[in-house]
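Chemist: If you scroll down you'll find the structure; I have some questions about it.
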Amino acid sequence: MSLRVPAIIILLLSFFQCASDSGATGHEAGGNPTFESFDGQQISYRDGGDGPAVMLLHGFINDGSSWLQTQLYGQLVNSGYRVIIPDMRGNGFSAKPHTDEAYANDAEVKDLMILADELELDSYIAIGYSRGSIVLAKLLTEDKRISRAVLGGMGVDFTDPDWPRRKQFAAAFAGETTPETEGAVEYAKSVNADLKALHLLQKHQPVTSLDQLRSIDVPVLVAVGSSDKDNGDPGALERLFRHGKLAMMPGDHNNTYKTPVFAAAVMAFVKAGSN
């Protein structure tokens, strides 16, 4: 989950910006290229640079533009990386279908693998934050092109298929709010997010089992703010990986990924793969 209600109002409103398209061409949405996914849905993305590929995956009630003003994005660009940022389905300029079938069976994971195909990526680094990390965990079990990964803002709780927090937020975006979730729904309304799509994203959120995570054989950095208590124990998550590393730093759930210290930890990990 990407929102803790007491801090909801401090989320930065991002502006949609265009990046140069250095990969496959297709339709455009909001000035960004799109591709047709497995079920005909159009998925929007940004793609700029021509160095080693890095894919950034955004969180809940958000889209790819949320990365654009972060320290990490600026450092990746300035260091010569090719930075690919999709708007995952249900968000941003991507399609927002209103059927269960459009989100079930790890649809977002399939989208990302097709995007990597479209861009002809032989290898790439993947970095997720919050719900983006949940999707990335499942992607790691499917896409062997990922050379290393960062799971930001995430603990171990998402491995539970009956995770109460996920179910609570799924219900909230179907109209059954609680004091804990009503702020998230109001925020989503304030930024004109698609509430039905958000409900379906929570209802059909990917679940990666403990055994699946233990089988992942690439380096994985778990990077979490010390005040972030939203999603369980990050240390327990890190210990599941064969080549796991934990980075704790000052910050809460909503803002840690924007900070210089997060960028420094992630950049050191990314660059270690080039040594």
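The values are calculated or read from the model by the stated rules, or taken from the named source; none is laboratory data. In this text the structure is predicted, and so the values were computed from the model without any measurement. Glycine gets a Cβ as well: all are built from the backbone with ideal geometry, and neighbour counts include every protein chain shown.
Chemist: With respect to L121, determine if the residue is farther than 18 Å from L221 by Cβ, surrounded by fewer than 24 Cβ atoms within 10 Å (Cβ to Cβ), modelled with pLDDT of 95 or more and within 15 Å of the chain's Cα centre (by Cα). Break it down into steps so the answer makes sense when it comes.
Modeler: Values: farther than 18 Å from L221 by Cβ: yes; surrounded by fewer than 24 Cβ atoms within 10 Å (Cβ to Cβ): yes; modelled with pLDDT of 95 or more: yes; within 15 Å of the chain's Cα centre (by Cα): no.
Against the criterion (farther than 18 Å from L221 by Cβ, surrounded by fewer than 24 Cβ atoms within 10 Å (Cβ to Cβ), modelled with pLDDT of 95 or more and within 15 Å of the chain's Cα centre (by Cα)), L121 does not qualify.
Chemist: Next up: Kindly establish whether F262 is surrounded by 22 or more Cβ atoms within 10 Å (Cβ to Cβ), out of contact with any strand residue (DSSP E or B) (no Cβ under 8 Å at 6 or more places or on another chain) and part of a helix (DSSP H, G or I).
Modeler: No: the conditions fail for F262.
Chemist: Could you give me the residue pairs with C-beta distances under 6 Å whose first residue belongs to region 112-131 and is at positive phi, whose second residue is crowded, with 21+ Cβ neighbours inside 10 Å and modelled with pLDDT of 95 or more wherever it lies, and which are 6+ apart or on separate chains?
Modeler: S130/G59; S130/G153
Chemist: Of the residues A193, A171, A197, which single one is farther than 30 Å from S274 by Cα, in a loop (DSSP other than H, G, I, E, B) and of a type in the set (G, A, S)?
Modeler: Just a single option satisfies the conditions, and that option is A193.
Chemist: Sort out which residues of region 38-61 are crowded, with 24+ Cβ neighbours inside 10 Å and without any contact (Cβ under 8 Å) to a residue 60 or more places away in the chain, and write them in order of number.
Modeler: If the condition is that a residue be crowded, with 24+ Cβ neighbours inside 10 Å and without any contact (Cβ under 8 Å) to a residue 60 or more places away in the chain, then S44, R46 are the ones that fit.
Chemist: Of the conditions (1) under 30 Å from D211 (Cβ atoms); (2) among the hydrophobic types (A, V, I, L, M, F, W, C); (3) touching a helix residue (DSSP H, G or I) at 6+ places or on another chain (Cβ under 6 Å), I61 fails just one. Which one is it?
Modeler: (1)
Chemist: So which of P219, P206, P164, P234 ends up being modelled with pLDDT of 95 or more and exposed (fewer than 15 other Cβ atoms within 10 Å of the Cβ)? Give the steps one after another, and end with the answer.
Modeler: Numbers: P219 fails: exposed (fewer than 15 other Cβ atoms within 10 Å of the Cβ); P206 fails: exposed (fewer than 15 other Cβ atoms within 10 Å of the Cβ); P234 fails: exposed (fewer than 15 other Cβ atoms within 10 Å of the Cβ).
Among P219, P206, P164, P234, only P164 is modelled with pLDDT of 95 or more and exposed (fewer than 15 other Cβ atoms within 10 Å of the Cβ).
Chemist: Could you list all residues from region 124-168 that are in a helix (DSSP H, G or I), over 24 Å from K196 (Cβ atoms) and out of contact with any strand residue (DSSP E or B) (no Cβ under 7 Å at 6 or more places or on another chain)?
Modeler: T141, E142, D157, T159
Chemist: Quick one: would you say S147 is surrounded by fewer than 20 Cβ atoms within 10 Å (Cβ to Cβ), among the polar types (S, T, N, Q) and either modelled with pLDDT of 95 or more or within 17 Å of the chain's Cα centre (by Cα) (or both)? Give the steps one after another, and end with the answer.
Modeler: Working: surrounded by fewer than 20 Cβ atoms within 10 Å (Cβ to Cβ): yes; among the polar types (S, T, N, Q): yes; either modelled with pLDDT of 95 or more or within 17 Å of the chain's Cα centre (by Cα) (or both): yes.
Answer is yes for this residue.
Chemist: Let me ask something additional. Residues that are within 28 Å of A268 (Cα to Cα) and either hydrophobic (A, V, I, L, M, F, W, C) or touching a residue at least 40 places away in the same chain (Cβ under 8 Å) (or both): does region 90-105 have at least one? Write out each step before concluding.
Modeler: Pass one, region 90-105, residues within 28 Å of A268 (Cα to Cα): none.
No, there is no match, as no residue in region 90-105 is within 28 Å of A268 (Cα to Cα) and either hydrophobic (A, V, I, L, M, F, W, C) or touching a residue at least 40 places away in the same chain (Cβ under 8 Å) (or both).
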